[in-house]
Amino acid sequence: MNLDLEGKTVVVTGASRGIGLAIVRRFADEGARVVAGARTVSEPLAELAKTAPVEPVAVDLAEPDGPARLIAAAGARIDVLVNNVGIATPRLQGFAAITDEMWLETFNLDVLATVRAVRAALPAMIGGRGGVIVNIGSVNARLPDPMVVDYSAAKAAFDNLGKALSKEFGKNGIRVNTIDPGPVGTDLWLGADGVATQMASANATSAEDVVRATAANTITGRFTTPEEVADLALVLASDRFANITGANVVIDGGMIPTV
């Protein structure tokens with residue numbers, strides 16, 4: 001399927017690893033110019049930039065002016081903005097132990113970084129008579145989890161934001177959709193200090209057992225891959241399904257019961 005993304009300018013936040021890096025790779029494979037923002041340019045991202053139309057930008061997106069600096073690096077034209085940056089910290093001590101500072105840190109990166117990136121990108125999109133915004137959310141937006149209560153609340157706000165943006169800026173030819181993955185096979189879950197390891201430590205079990213139990217909560221019996229999320233982002237960014245906007249697309253292996 002030709003997605004007609006060749007020559008498009010795409011900005012991706014949180015692009016150094018995991019889902020973000022997979023998204024950068026997929027857009028580059030389609031011939032898009034990808035401006036990839038991350039606090040630290042990882043070795044895989046730097047290597048990719050040597051052979052693909054990828055421009056890494058080292059920027060702390062938690063800083064108030066960070067998203068605007070990333071958008072400025074893309075230049076006057078922005079066709080697609082993928083908001084992937086975020087943070088999820090297991091709160092193993094429970095709700096009462098989560099300080100105001102922890103709540104603010106989560107909402108700053110999981111919500112405000114996207115607000116700031118969209119705000120900065122809108123003039124270029126409106127001036128270019130349209131564009132696409134793809135937000136990478138989480139099933140925790142509709143699956144509240146005490147272990148990540150601040151993250152779950154932030155992702156619920158994130159989903160709401162995407163719907164509101166689609167309504168306000170649809171008249172400008174801008175489509176906004178949100179992808180809500182379930183557990184994804186990245187370092188966030190599977191890394192040495194990932195969610196599985198932290199949960200295992202708190203419950204006197206192994207990370208492998210945590211992963212197996214989590215996967216067993218899906219119909220497919222496995223985690224989603226970063227590449228599957230990236231492919232979905234490509235489809236939503238293309239014009240092949242140009243009448244999809246304001247949607248929340250779940251990719252969770254059937255973890256959330258639906259009717």
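Listed values, structure above:
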read-out: Residues with amide H under 5 Å from that of VAL11, placed H, sequence gap 5 or more; value: VAL35, VAL80, LEU81, VAL82
read-out: Leading residue at positive end of dipole, the range 97-192 (Cβ point charges), from ASN140, ILE98, TRP189; value: ASN140
read-out: Förster-model FRET efficiency, 35 Å R0, ALA76 and GLU101, C-beta, rounded to 0.05; value: 0.40
read-out: Ordering of 18-26, 158-166 by burial proxy (mean other Cβ atoms within 10 Å per residue, highest first); value: 18-26, 158-166
read-out: ARG116 - accessible surface, heavy atoms, 1.4 Å probe, Å² rounded to 10; value: 40
read-out: Surface accessible to a 1.4 Å probe, THR224 within the full protein complex, Å²; value: 10
read-out: Estimated [θ] at 222 nm from DSSP helical runs (n ≥ 4, -39500 (n - 2.57)) normalised by residues in the chain, nearest 500; value: -12500 deg cm²/dmol
read-out: Solvent-accessible surface (1.4 angstrom probe) belonging to VAL139, in square angstrom, nearest 10; value: 10
read-out: Karplus (6.51, -1.76, 1.60) ³J(HN,Hα), θ = phi - 60°, over the range 223-240, in Hz, Gly and Pro reported as x; value: 7, 6, 8, x, 5, 5, 5, 4, 5, 5, 4, 4, 4, 5, 7, 7, 9, 5
read-out: Average Cα contact separation per residue, the range 55-132, under 8 Å, 6 or more apart, as relative contact order %; value: 46
read-out: Residues whose placed amide H lies under 5 Å from that of GLY254, excluding near-sequence neighbours; value: ILE219
read-out: Hz values of 3J(HN,Hα) by residue in the range 69-79 - Karplus curve (6.51, -1.76, 1.60), Gly and Pro given as x; value: 5, 5, 4, 4, 5, 6, x, 7, 10, 9, 8
read-out: Among LEU70, LEU81, LEU104, residue whose mean-square fluctuation peaks in a GNM of the chain (springs only between Cα atoms under 10 Å); value: LEU104
read-out: Long-range amide H partners of GLY131 with built H, under 5 Å; value: ILE174, ARG175
read-out: Efficiency of FRET from Cβ geometry, GLU47 and ARG142, R₀ 51 Å, rounded to 0.05; value: 0.90
read-out: Between the range 57-85 and the range 111-182, the alpha-carbon center distance in angstrom; value: 15
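The values are calculated or read from the model by the stated rules, or taken from the named source; none is laboratory data. The structure presented is a predicted model; accordingly, all values stated were derived computationally and were not measured. Heads up, the Cβs are rebuilt from the backbone with ideal geometry, glycines too, and the neighbour counts pull from every protein chain shown. Ligands, DNA and RNA are excluded from the accessible area calculation, which covers all protein heavy atoms including side chains. Shrake-Rupley method; radii C 1.70, N 1.55, O 1.52, S 1.80 Å.
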